[in-house]
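Asks: Once you've had a glance at the structure underneath, I'll fire off some questions.
The values are calculated or read from the model by the stated rules, or taken from the named source; none is laboratory data. Keep in mind that what you see is a predicted model, and the values were worked out from it rather than measured. Because the Cβ atoms are built from the backbone with ideal geometry, glycine has one as well, and the counts that use them run over all protein chains shown.
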Amino acid sequence: MTLVGIPPEAAPGPAAERYASFTPTVTAFTLAAILVSGQLYIVIPLLHDMAAVWTTTTASLAWLVTAFAIGYGVGFLLSGPLSDRFGRRRLILYGLPLAALATAAVTLSPTPEAAVALRLVQGLAVATFPPAALAYLAERVDPRRRAVAISAVTAAFLASAVLLQVGAQILVPLTGWRAPFLISAAGLALSMPVIRVIMLPDTPRATTPSLLGAYRALPGLLLHRTLLPRYLATLILMIGFVAVYTALQLHGVTATSSQLLALRAAGLPAIVAIPLLMPWLSRLSAPVRAAGFLALAAVAVTAVAVIAPSATWLAVLLALYVAAVAGALPGLNESISAAAGPARGGALALFSFSLAVGSAIGPPLAAAFPAFPPLLYGVAAAMTLAALAVLASSRR
């Protein structure tokens, strides 16, 4: 099913019939996704060191996270239609060098105010990658392996929250706060020539929308009766994911910071497991798979609230919760992409925007709840409603 009124793509030719090489494409895109998405989180372990350099408080530097999130979210809305208009490959190959320059520029900040402005620019620049990359996977990877590819890249977005925070936490005592940004910038710059070799050329379309027309399509995509429930489910999924892990720290669920780090790291094997299981999971339709994992997430957080488990069982249940989130995201991504047709660049920009907004809403939502169990019950109820909405959208 595709949206009515969207011009069809060009008839398949020799280039359109070719599929991208699976292993190099997924490997390069996954590593780039970790670097790109991880820039949202990389600054968190650096705040104390940055505050000491600028003789300010860490609370005042929270805007370094917020500014990036704003630029990241707005950047999705700008870059998705650009990839529909100019091509996925072209946007990625221009976007990665810009992302590298913007990331390196943060290290030149003489004041906190300058750093906030440069973090906003950095968010705009790195946002060129996710919508174009996800749309490329949906179009150019063999359909039999497409679910695995999308699952690996969406899992990388989640894993980056742990990987880059841990990496920055290790580096900052040895090198200061600038080194993690410089290393990230080098990684983004080096990824461009690799991806240039791996990606297939953009295929021509029978009708190429104007740039203004590509942006005009966004409200229709957002409000479409099939897509809107899936965007809301994506928003709820990310709000719940970030809120639960924020609440672990805010409500003193763990006794020490090392225990909290262990709980966060316990989810990494679950994130890795989902792409490995996807050849079997993909036998289910994408909406059914997304709804099933949303329901599993609701069960996992309800179990934590009801049982109040020991540290070991809490880690197990949270790993199950992370696996459910990692499984639901590619299902939502695929179902949105399939419904959008040739406008998938804009549609996946809205998907990525939903993820960014959810990441921003999660922390204040966690702080609004007086205790951990009420938050878990709220997340479980929202996940259940989201699962029902996705199922309902697939019946239309």
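Asks: With the condition kept exactly as written, say whether any residue in the stretch 5-26 is at pLDDT 80 or above, in contact with a helix residue (DSSP H, G or I) (Cβ under 7 Å, 6 or more places away or on another chain), among the acidic types (D, E) and outside the structural domain of S285 (by TED's automatic domain parsing).
Replies: So far as the stretch 5-26 goes, no, none of its residues is at pLDDT 80 or above, in contact with a helix residue (DSSP H, G or I) (Cβ under 7 Å, 6 or more places away or on another chain), among the acidic types (D, E) and outside the structural domain of S285 (by TED's automatic domain parsing).
Asks: In the stretch 193-218, what count of residues is obtained for those that are within 20 Å of the chain's Cα centre (by Cα), of a type outside the set (V, I, T) and in the same structural domain as D49 (by TED's automatic domain parsing)? Reasoning before the result, please.
Replies: Going residue by residue through the stretch 193-218, those that are within 20 Å of the chain's Cα centre (by Cα) are 195, 218.
Next, from what is left, pick out any that are of a type outside the set (V, I, T): 218.
Pick out the ones that are also in the same structural domain as D49 (by TED's automatic domain parsing) and you get none.
Qualifying residue count, the stretch 193-218: 0.
Asks: Say we look at the stretch 190-210 and pick out the residues that are part of a loop (DSSP other than H, G, I, E, B) and among the polar types (S, T, N, Q); which of these is surrounded by the most Cβ atoms within 10 Å (Cβ to Cβ)?
Replies: Of all residues in the stretch 190-210, those part of a loop (DSSP other than H, G, I, E, B) come to 199-210.
Checking which are among the polar types (S, T, N, Q) leaves us with 203, 207-208, 210.
Numbers: T203: 18, T207: 11, T208: 16, S210: 9.
Looking at the filtered set, the residue picked out is T203.
Asks: Got a sec? Which of G220, G213, G187, G167 is at pLDDT 90 or above and in a helix (DSSP H, G or I)? First the steps, then the outcome.
Replies: Numbers: G220 fails: at pLDDT 90 or above; G213 fails: at pLDDT 90 or above; G167 fails: at pLDDT 90 or above.
Matching residue, one of G220, G213, G187, G167: G187.
Asks: Check L317, L221, L276 and return the single one that is within 19 Å of A366 (Cβ to Cβ) and either surrounded by fewer than 20 Cβ atoms within 10 Å (Cβ to Cβ) or in the same structural domain as S352 (by TED's automatic domain parsing) (or both).
Replies: Values: L221 fails: within 19 Å of A366 (Cβ to Cβ); L276 fails: within 19 Å of A366 (Cβ to Cβ).
Unique residue meeting the criteria: L317.
Asks: Name every residue in the stretch 323-357 that is polar (S, T, N, Q) and farther than 15 Å from I274 by Cα, in order of residue number. Steps first, answer last, please.
Replies: Going residue by residue through the stretch 323-357, those that are polar (S, T, N, Q) are 333, 335, 337, 352, 354.
Scanning the stretch 323-357 gives S335, S337, S352, S354.
Asks: For the stretch 256-264, indicate whether the set of residues that are closer than 17 Å to L163 by Cβ and modelled with pLDDT of 80 or more is non-empty. Please lay out each step first, then the result.
Replies: Just the residues of the stretch 256-264 that are closer than 17 Å to L163 by Cβ, to begin with: 260-264.
Imposing the further condition that a residue be modelled with pLDDT of 80 or more reduces the set to none.
No: the stretch 256-264 contains no residue that is closer than 17 Å to L163 by Cβ and modelled with pLDDT of 80 or more.
Asks: Turning to a different aspect of this structure: How many residues does the stretch 301-354 contain that are of a type in the set (A, V, I, L, M, F, W, C) and at positive phi? Working first, answer last.
Replies: To start, the set of residues in the stretch 301-354 that are of a type in the set (A, V, I, L, M, F, W, C) comprises 301, 303-308, 311, 313-320, 322-326, 328-329, 332, 336, 338-340, 343, 347-351, 353.
After this cut, where a residue has to be at positive phi as well, the list is 308.
Looking only at that region, the number is 1.
Asks: Looking only at the stretch 126-164, filter to residues that are of a type outside the set (V, I, T) and not in a helix (DSSP H, G or I); which one of those is surrounded by the fewest Cβ atoms within 10 Å (Cβ to Cβ)?
Replies: Step one: list which residues in the stretch 126-164 are of a type outside the set (V, I, T), which gives 127, 129-140, 142-147, 149, 151-152, 155-161, 163-164.
If we keep only those that are not in a helix (DSSP H, G or I) as well, we get 127, 142.
On the way: A127: 29, D142: 12.
By that ranking, first place goes to D142.
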